There are 2 protein chains.
Amino acid sequence: MARSSTRDSIGNSATDSAPNGKVALLGFGTVGSSVAKILCERSNTHLRLTHILNRNVARKKVDWLPPSVQWTENIEDVLCSSADIVVEVMGGLQPSEDWIRRALASGKSVVTANKQLIARCGPELISIAAQKKQQILYGASVAGGVPVISGLQMGLAGDELFKIRGILNGTCNYILSQMESNGVTFTTALREAQKLGFAEADPTEDIDGLDARAKLAILARVGLHCNVSPDSIAAQSISAIEAIDFEYANQLGCTIRQISWAELQNKLQTDLRGKPQQKEAGADGDRLLAAVQPALVTLSSPLARVEGSQNLVVATGIYGGETVFGGHGAGGHPTAVAVVSDILAIAHSKQDGMSNAGQPAGQPIGKTPTVSTDFTAKHYLRFLVKDRPGIIATLATILSAHEINIDAVLQKPGYPKSHLPFLITLEDCKASLVEQALQQINAVDFLVQPCLHLPIL
Amino acid sequence: MARSSTRDSIGNSATDSAPNGKVALLGFGTVGSSVAKILCERSNTHLRLTHILNRNVARKKVDWLPPSVQWTENIEDVLCSSADIVVEVMGGLQPSEDWIRRALASGKSVVTANKQLIARCGPELISIAAQKKQQILYGASVAGGVPVISGLQMGLAGDELFKIRGILNGTCNYILSQMESNGVTFTTALREAQKLGFAEADPTEDIDGLDARAKLAILARVGLHCNVSPDSIAAQSISAIEAIDFEYANQLGCTIRQISWAELQNKLQTDLRGKPQQKEAGADGDRLLAAVQPALVTLSSPLARVEGSQNLVVATGIYGGETVFGGHGAGGHPTAVAVVSDILAIAHSKQDGMSNAGQPAGQPIGKTPTVSTDFTAKHYLRFLVKDRPGIIATLATILSAHEINIDAVLQKPGYPKSHLPFLITLEDCKASLVEQALQQINAVDFLVQPCLHLPIL
């Protein structure tokens, strides 16, 4: 990869070649080395990589970086240096948080890909940066190389967004699309994803939705101006999905995806042809419906067509309707593109003496809404029962007692009576109502396992 | 639409309520009135609409704007005013161009949705703006509400893009998707589009690709840093497409769309898994392949799934692979979102004393490449012949003499011998080679009409 132009473009030791673009890199793993590579290979950017920090840095050294780059294990080397922009791509809450705070305090701007940190401390870190007339940008923290944060903050600044739906976790999407197309079990798909490096040895963060809800919390802040803690967003694991669920979903014209969604309640509603309708009386917009969960999506929806480890975000505004952003949600190079885009934005604004490029333009101050998952939708209930007469009657009686209307009952042939899967779909009703009914249903003796409950979006 | 908060938010006549956000609107048609509506309905933006200019302005007046707005037919009223930002949504080359030049010269920034003007004079207007420490933004000039310009300029600034493909004309996409799903003729689909207001009485600009190539010229400049005149981009009309072409396309696993595409030749090529491959020896990147034309796209491609008047852009970079932007490409409200986003970006940067927000960050100076349509692809040749023995042999001989390999021959049954359509697909070869062969082929006497030649992308 060493090209003669590489050294010329960033190896020049005269500091005025990068008056506001001296970059220190914290972390030299997959993303960090891709960031270094792009900074190295791209000329014309007026950026210069000055430091690389990593544990056991000796074993990390590569020969394709100019000798002027200082390799270190000591954060003080970076903090005391003349670096203008500190790039944190180590991950983890600590020491990342401390080091970012100290970098901001010492008058450096920060670019980070750290979703958990930004989901938890984003507003505070942004406020510290503003006090120091610095910036902290985090475009790589959601959906890797897909420029959704700048898209929501800048490109759609003129709209009032009220709904965000996305596929924000490539691991879950890989597993679910494998189950869909190859008919394999969850366990098989997970093992394959682990073998291919798409899933961690401990896949909990991905599978259980904890990764995606941190990203959703960031999108809700950026797009819906709602300060919500990731912990306040309900997350449901995809591990209960079985092959049979894809068969039933398909019969309904749907597939199953891990969907991250957030919707401001009582906002102006739109009929999706871009015509805003009357705001409801007494609306205050201070309630956010949000969750990360496996859900049925119609096959014609862009969400259903996201394959493998791709990411997609659909933002809906009262004026512009639906806007879609899609692409590579992970991987060293795509994530590094987002990081370098942020570095360029900061360097550009520093050159111009501006302190807050990339911060939202003229947008309302963040609300701190109550978060609820009590949305109204059609519902998918998949049962696994020991067959006997009267099962449907029992379930129908319980549902009816909760004033829930059954939409359809489906039962595929060819399963043993001792483990018989079948499906009930419900007409539009509140999720909380279904959960109440399910408490009662899950206590009946013919169920082999608790009912799987998914929304139909 | 008059809400009590409306007047409060922008009707305040104290000028310090909008220190850098006084907006004059040139044009009060569909887009202009949507811009006014958004400025009116959105609070917290610190923007204030001060002037509306239109011909016969008296008949344009509405009751939902605050009385402080000055309605005028005279551009001097705007140019002499204290408006900070002039928004041009009149369309047409003149007087738009003169008025934009005069607005910039008098120290005002400009937001425009005028694709033909920006495609033709964009760089010069940007340079005039820079001299005056002002900005000209044009996010609404391509793909309406889809934030693709800011996405390429800011969100993907860290990548090196080498290919852009898009569906940039909603009228053509509406017509082609109607032909696809309802099997109607081009003429029927066009008439329907005209009835519904999706196509103009004179639809030439749309149908023949002149609208889309202006947008493509802008995208090539913004994303590929190539200064190309729209006139140098070949445009092929969609009017020769017939219902039978959708049947044949479908047999090939494809559909037909008007595709606007531009690709830097000899750029680093990527295998689309985000891994850049070696640059070709002697590569200079100074040749641009570009065209607007009906083309076959595989049904699994995001381009094939764009329905009705939606727009979609796929940008490919050597680091980040493919990134997709999609949404409403036209309509008053979506286009107005793009306009208001630009207004906000300018107001925000003015507030911060910065002169060039929204201009590309750290990007190379534009190249002026030669433009060619001589791409290498598989090709679709649809013939309409008066049947007789030896037709295939004649065609095969001519193609073979040009060293073109036939991939497949398809002929659907059920057509009269006097007007028999059939299909030949060609293996990968240069478009110019096919055109040479077609010159000879179109001279043979069994053809009822010239061969329809489309690329298979």
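The values are calculated or read from the model by the stated rules, or taken from the named source; none is laboratory data. The shown structure was predicted, so the numbers you read here are calculated from the model rather than taken from an experiment. So basically every Cβ, Gly included, is an ideal-geometry build from the backbone, and we count neighbours across all protein chains shown. Each accessible area value is taken on the protein alone, full model and side chains, heavy atoms only, with ligands, DNA and RNA left out. Shrake-Rupley method; radii C 1.70, N 1.55, O 1.52, S 1.80 Å.
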Check: Using the Cα atoms of the stretch A:151-218 to build a convex hull, what is its mean projected area in square nanometres?
Finding: 5.8
Note to self: Under a crude label model (7 Å from the Cα following the beta-carbon direction), how far is B:H402 from B:V57 in nanometres?
What the structure shows: 5.8
Check: If you put a point 7 Å past Cα along the Cβ direction, how far is that point for A:P123 from the same point in each other copy, in nm, smallest first?
Finding: 4.6
Checklist line | Antiparallel bridge percentage (DSSP; both residues within chain B; nearest 5) | finding: 65
Margin query: Run the label-point distances for B:G390 please: 7 Å along Cα to Cβ, every other copy, nanometres, shortest first.
Written below: 8.5
Next item on the list: State whether the protein assembly as shown is rounded, prolate or oblate according to the following rule on the C-alpha gyration tensor (a ≥ b ≥ c being the square roots of its eigenvalues): a/c under 1.5 gives rounded; otherwise a/b larger than b/c gives prolate, and the remaining case gives oblate.
Entry: rounded
Notebook entry, point to check: In square angstrom, what is the accessible area per residue of the protein assembly as shown with a 1.4 angstrom probe?
Noted result: 38
Next item on the list: Relative to the compact-globule scaling 2.2 N^0.38 Å, provide the ratio for the alpha-carbon radius of gyration of the stretch B:412-457.
Entry: 1.30
Next item on the list: Find out how many positive minus negative residues lie around B:G414, taking Lys and Arg as positive, Asp and Glu as negative, among other residues whose Cβ is under 14 Å from that of B:G414.
Entry: 0
Check: At q = 0.15, 0.17 Å⁻¹, what log₁₀ I(q)/I(0) does a Debye calculation on the Cα points of the stretch B:374-457 give, no solvent, two decimals?
Finding: -0.49, -0.63
Note to self: Is the C-alpha gyration tensor of the stretch B:64-208 telling us rounded, prolate or oblate? Criteria: a/c under 1.5 is rounded; beyond that, a/b larger than b/c is prolate, otherwise oblate.
What the structure shows: oblate
Check: Among A:343-351, A:306-314, what's the highest-first ranking by average C-beta atoms within 10 angstrom per residue?
Finding: A:343-351, A:306-314
Check: How large is the dipole of the stretch B:162-249 about the Cα centre if only Lys and Arg carry +1 and Asp and Glu carry -1, each at its Cβ, rounded to the nearest 20 debye?
Finding: 460
Note to self: In chain A, if the dipole is taken from +1 on Lys/Arg beta carbons and -1 on Asp/Glu beta carbons about the Cα centre, which of A:A24, A:L399, A:G144 is farthest to the positive end?
What the structure shows: A:A24
Notebook entry, point to check: What FRET efficiency would be calculated for the residue pair A:D286, A:A243, taking the C-beta separation as r and a Förster radius of 41 Å, to the nearest 0.05?
Noted result: 0.50
Margin query: How big is the dipole moment of chain A about its Cα centre under a simple scheme where the beta carbon of each Lys and Arg is +1, that of each Asp and Glu is -1, and everything else is neutral? Debye, nearest 20, please.
Written below: 820
Item checked: Label-to-label distance, nm, for residues given as A:L447 and B:E435 (7 Å Cα→Cβ offset) -> 6.8
Checklist line | Extended-chain gain in nm, criterion 0.36 nm per residue less alpha-carbon gap, A:A105 and A:N227 | finding: 41.5 nm
Check: With no solvent and one point on each alpha carbon, what is the Debye value of log10 I(q)/I(0) for chain B at q = 0.06, 0.09, 0.10, 0.11 Å⁻¹?
Finding: -0.31, -0.65, -0.77, -0.90
Next item on the list: Mind checking the full-extension length gain between B:W64 and B:K133? Use 0.36 nm per residue of separation minus the Cα-Cα distance, one decimal, nm.
Entry: 21.4 nm
Next item on the list: Under 19 Å from a label point 7 Å along Cα→Cβ of B:R388: give me every residue in the stretch B:405-421 with its amide N that close.
Entry: B:416-421
Next item on the list: Run through the other copies and list how far each one's label point is from that of A:D98, in nm with one decimal, shortest first; the point sits 7 Å from Cα along Cα-Cβ.
Entry: 6.8
